[in-house]
Amino acid sequence: MCRGGLPWEMGKCRCGCCAGGRSQRGRKSETETEKVAASASQKGQNRKTASESADFFDMLERMQDDYIPYPRIEDVLEKGGPYPQVILPQFGGYWIEDAEAPVGTPSSSESSFCEEEDGGEGMSPAGGHNYRLECNSTARAYRKHFLGTEHMNYYCTGSSIGHLIMSLKHEEAEGQEFLRIMLRSRIKTVHDRISLAGINQLPSVPQIAKLLCDDATGLKFNPVLYPRGSQLMVAYDEHEVNNTFKFGVIYQKFGQTSEEELFGNNEETPAFKEFISILGDNIELLDFKGFRGGLDVSHGQTGSESVYTVFRRREIMFHVSTKLPFTEGDVQQLQRKRHIGNDIVATVFQEDATPFVPDMIASNFLHSYVLVQVENPCTEHTTYKVSVTAREDVPAFGPPLPNPAVFRKGPEFRDFLLTKLINAENACYKSDKFAKLEGRTRAALLDNLHDELHRQSQATLGLSQPGEEDKMENGGHGGLLESFKVNMNPDTWPRAMFFPNL
């Protein structure tokens, strides 16, 4: 019998477990020994790999066990009060302003206060507080420092960083000489003022450009000879300046946790009416002549009335959820979501203490919320508790919340709230989504400005190309900024960007 338990036949093993006949019983060939050794080695490697994989998945499981998401709004409500005014979504993505943070108006590095540009209009008109509007001061620098004064403009074609537009102005102050500069590129505009003390020979235009943009090469500038070039440049610089705003106003009842519930509210309680009267005036939409914020003023398709105000020379239209059309049978209330979902900032009014979570409303555009919770409504002791939340890529904005963040009903609360809403929208434009859109539009507009300045300068010298005269007579530059206004107006952006599932 062989080792496999079968009888030997012709001196050989039928099962093949032995290498040969009886004389070779108990021996293995060298080849088989190598195979066994290789198999054992492979099994060892497989065990090692399996062990490493198991360790990795164990580590991943431990990480998942250690990560605790933020509580769901339903869980917060189930635990009972007192409730926070706003909670973070389960997996983050937003920040909540801390009223206990050190006092100081937060703003991004590209923002400044508007009082210099507005002749004092950036300051709150009330004397007992200091609520300041934030803006990009560079956008207004040309109008403030150059327009209507002696200065020179130049354009550069095809540098290493694209087309450039420069403005230069010589200034004297307190016996010293300065050179004020604005350099516009496809990426940004740089505004600076340099001292000429100790400089006998003024630097050349390419040298100045190199000073402000060290990596630029191929700098060949031409003077702008078009008499109306300054108007084109101030229009380009101020394409970021916005003096019209639209904000959503949402009424949240106790325990409401979905956008369907929020947009389904129709009742305007006395407390809610008192709050919206602080925001602005009730206006009839039919034939309304002010900023309409995308509402229909001709056929009544967006309701019959709304809330509107002018605040520090800025027009504001409020999209009040309860005043927008209500459609029976439409759970989503798309007529209401169409407008509020297109807003960038909204205020949420809470008559009762109830939590709000910022991802409650599905929108690609809503980036910040200002929560307002009333106490003792419709009395002489009415107060409003305020909280602020925004997406994580939105920079901080002022005015900062006081500690505690509670305001008495009155002008100060109104000034704080409207200033906060305006600054919130300006800050939201610096978030990734809007910054990329603005960057693409800015680059296209700068190229258009360069081409127009070159074409008009050539025409001034009598060097225009055939067919250009008719184009210029018809106001070829008149629509220079229309493309930006269309691109930056959320009312004109595709609905699919807001409601991808519709």
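Points worth noting:
- Centre-to-centre, using Cα atoms only, segment 388-426 and segment 204-272 are separated by 19 Å.
- Taking every protein chain into account, the 1.4 Å probe leaves C213 with about 30 Å² of accessible area, to the nearest ten.
- Distances between placed amide hydrogens fall under 5 Å for S159 paired with L164, all partners being 5 or more residues away or on another chain.
- Overall, the accessible surface of segment 383-438 at a probe of 1.4 angstrom is composed of carbon and sulfur to the extent of 51 percent.
- Shape of segment 134-216, Cα gyration tensor, a/c cut at 1.5: oblate
- Violating pairs (Cα-Cα greater than 18 angstrom) within the set K246/K289; K337/K430; K253/K273; K323/K420: K337/K430; K323/K420
- Under a 5 Å amide H cut-off, with hydrogens placed 1.01 Å from N, F356 pairs with V86, I87 among residues at least 5 apart or on other chains.
- The string of couplings for segment 363-372 from the Karplus curve (6.51, -1.76, 1.60, θ = phi - 60°) is 7, 7, 10, 5, 10, 8, 10, 10, 8, 10 Hz, one whole number per residue in order, with x for Gly and Pro.
- Neighbour cut-off at most 15 other Cβ (10 Å), DSSP loop, GluC sites (Glu not before Pro), segment 161-194: E174
- Distance between modelled label sites at T383 and L225, nm, 7 Å Cα→Cβ extension: 7.0
- For S137, residues with placed amide H under 5 Å, excluding near neighbours: S112
- FRET efficiency estimate (nearest 0.05) - Cβ-Cβ, F326 to A362, R0 22 angstrom: 0.70
- Each of S457, S204 has its accessible area taken with a 1.4 Å probe; listed largest first, they run S204, S457.
- Scalar couplings 3J(HN,Hα) for segment 156-171, obtained by applying the Karplus form with A = 6.51, B = -1.76, C = 1.60 to θ = phi - 60°, are 10, 9, x, 6, 5, 10, x, 5, 10, 10, 10, 10, 10, 8, 8, 10 Hz; x denotes Gly and Pro.
- Scalar couplings 3J(HN,Hα) for segment 229-239, obtained by applying the Karplus form with A = 6.51, B = -1.76, C = 1.60 to θ = phi - 60°, are x, 4, 5, 5, 6, 5, 5, 5, 4, 8, 5 Hz; x denotes Gly and Pro.
- Virtual spin-label span in nm between T460 and R72, 7 Å along Cα→Cβ: 6.7
- Peptides ranked, highest mean first, by Cβ atoms within 10 Å: ranges 143-149, 77-83, 309-315: 309-315, 143-149, 77-83
- As a fraction of the 1.4 Å probe accessible area of segment 239-279, surface on carbon and sulfur atoms comes out at 47 percent.
- The residues of segment 212-328 expose on average 44 square angstrom of accessible surface per residue, using a 1.4 Å probe on protein heavy atoms.
- The residues of segment 364-440 expose, per residue, 37 Å² of accessible area to a 1.4 Å probe.
The values are calculated or read from the model by the stated rules, or taken from the named source; none is laboratory data. Please read these numbers as outputs of a predicted model, since none were measured by experiment. Using ideal geometry, Cβ is built from the backbone for each residue, glycine included, and neighbour counts are taken over all protein chains shown. Areas reflect the complete protein model, heavy atoms only, side chains present, ligands, DNA and RNA absent. Shrake-Rupley method; radii C 1.70, N 1.55, O 1.52, S 1.80 Å.
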